[in-house]
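K.L.:
My questions will all concern the structure given below.
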Amino acid sequence: MESKTPANSANREYKDTMFSTLFSEPVTALGLYNALSQSDYPLDTPIEITTLKGVFVKGRYNDLSFVIDGKLVVLVEQQSSKNPNMPIRLMIYLAKVYDNLVEKKIYSSKLVKLPRPEFIVLYNGTDSENQPDEEMLKLSDAFHNLPEGHKPNGGLELTVRVLNINKGHNRDVVQKSVELDGYVEIVDEINKNRASGMELKKAIEKAINDCIEKNILTDFLQKHGGEVVDMLYAQWDLDEYVAVQSREAEERGELRGELRGELRGERKKAIEVAISALEMGLTTEQAAKISGLSVEEVEDLIIG
């Protein structure tokens, strides 16, 4: 039986994923955006990769971000589990990307021009049949309801486009990017191997070999070799760990008296996962990452 503890859990946050590595070059990033947005930016369009590599915002990191022609900043996240907090996370990522772009220019007397943002989440979890091909998540859904008659001085909204990229979903989008199509294929192969009872590392190695034989992402897979196995293993091990902890948390029943009855649904599940992680000796940062909570929320659980 495989360990429920994610491989290299202490270092997992500091590793690139296969997804971020695959789209880390300007040409592949632009091809991805053209596919997802049905746009036709030419290949010589200036692209600046702005992914927050090695930069963490409260223990979280960003999969992919890039600026197109200085006018459009695109943030893309790949998710294997549904997370309604993605608008919050992407808002934090965007603030850090903007901070890196403008540096000290905000103190100038001239108006700073910012690239317009777009936010995209690509879902490829195993619960694809219960995930629509496309949906929109809004930051405002996380706001507390304001008292009736309240007149706000300003407002903030952020909308995230979530696309189901599992095999058989959104084919008209996926197949327009060779890299995205190949990524979907290798994820599908791994999932099928796992469903047949194959051990994780063997499932990944077989999927990679099969894809190379089918001439799918051959250059990329051969170039990165064992590094791809390590990246995929770390990703799947963490994903499966989260799934196991979530199931076990549900079986334990009510969470600490449901924290005075205030917690329901997804938030309750996230807190149960965080508590399980802390009980297993993981750090607050690791518990925050696998649960989707902030580090401050996890620390509150310890204090409580």
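K.L.:
Once phi is turned into θ = phi - 60°, what whole-Hz ³J(HN,Hα) does the Karplus curve with 6.51, -1.76 and 1.60 give for every residue of region 83-88, x standing for Gly and Pro?
P.N.:
Whole-Hz 3J(HN,Hα) from phi for region 83-88: 9, x, 8, 4, x, 5.
K.L.:
Give me the Kirkwood hydrodynamic radius of region 139-199 in Å, from all C-alpha pairs, to one decimal place?
P.N.:
When all Cα pairs of region 139-199 are included, the Kirkwood radius is 15.5 Å.
K.L.:
Once phi is turned into θ = phi - 60°, what whole-Hz ³J(HN,Hα) does the Karplus curve with 6.51, -1.76 and 1.60 give for every residue of region 98-106, x standing for Gly and Pro?
P.N.:
Whole-Hz 3J(HN,Hα) from phi for region 98-106: 4, 4, 5, 6, 8, 6, 9, 5, 5.
K.L.:
Per residue, how much accessible area does region 121-244 have with a 1.4 Å probe, in Å²?
P.N.:
55
K.L.:
Same structure, new question: What do you get when you divide the Cα radius of gyration of region 99-152 by 2.2 N^0.38 Å, with N the number of residues?
P.N.:
Normalised Cα radius of gyration, region 99-152: 1.88.
K.L.:
Skipping prolines and chain starts, which residues have an amide H placed within reach, meaning under 5 Å, of the one on LEU64, given they are 5 or more residues away or on another chain?
P.N.:
Residues meeting the criterion, in which the H sits 1.01 Å from N, are VAL76.
K.L.:
List the residues, sorted by chain then number, that are 5 or more residues from GLN79 or on another chain and whose placed amide H is less than 5 Å from its amide H.
P.N.:
Under 5 Å from the amide H of GLN79 lie the amide H atoms of LEU122, TYR123, ASN124, each far enough along the sequence or on another chain.
K.L.:
Checking the table LYS53/LYS96; LYS167/LYS214; LYS96/LYS138; LYS167/LYS201; LYS192/LYS269 against a 23 Å threshold on Cα-Cα, which pairs fail?
P.N.:
LYS192/LYS269
K.L.:
Taking H placed 1.01 Å from N in the peptide plane, check which residues at least 5 places from LEU158 or on another chain put their amide H under 5 Å from its amide H.
P.N.:
It is LEU139, SER140, by chain and number.
K.L.:
Taking θ as phi - 60°, what are the ³J(HN,Hα) couplings along region 163-177 by the Karplus curve (6.51, -1.76, 1.60), each to the nearest whole Hz, with x for Gly and Pro?
P.N.:
Couplings: 10, 7, 10, 4, 4, x, 10, 6, 4, 5, 8, 4, 6, 7, 10 Hz.
The values are calculated or read from the model by the stated rules, or taken from the named source; none is laboratory data. Since this is a predicted model, take the numbers as computed values, not measurements. Remember, those area values only see protein heavy atoms, side chains included, never the ligands or the DNA or RNA. Shrake-Rupley method; radii C 1.70, N 1.55, O 1.52, S 1.80 Å.
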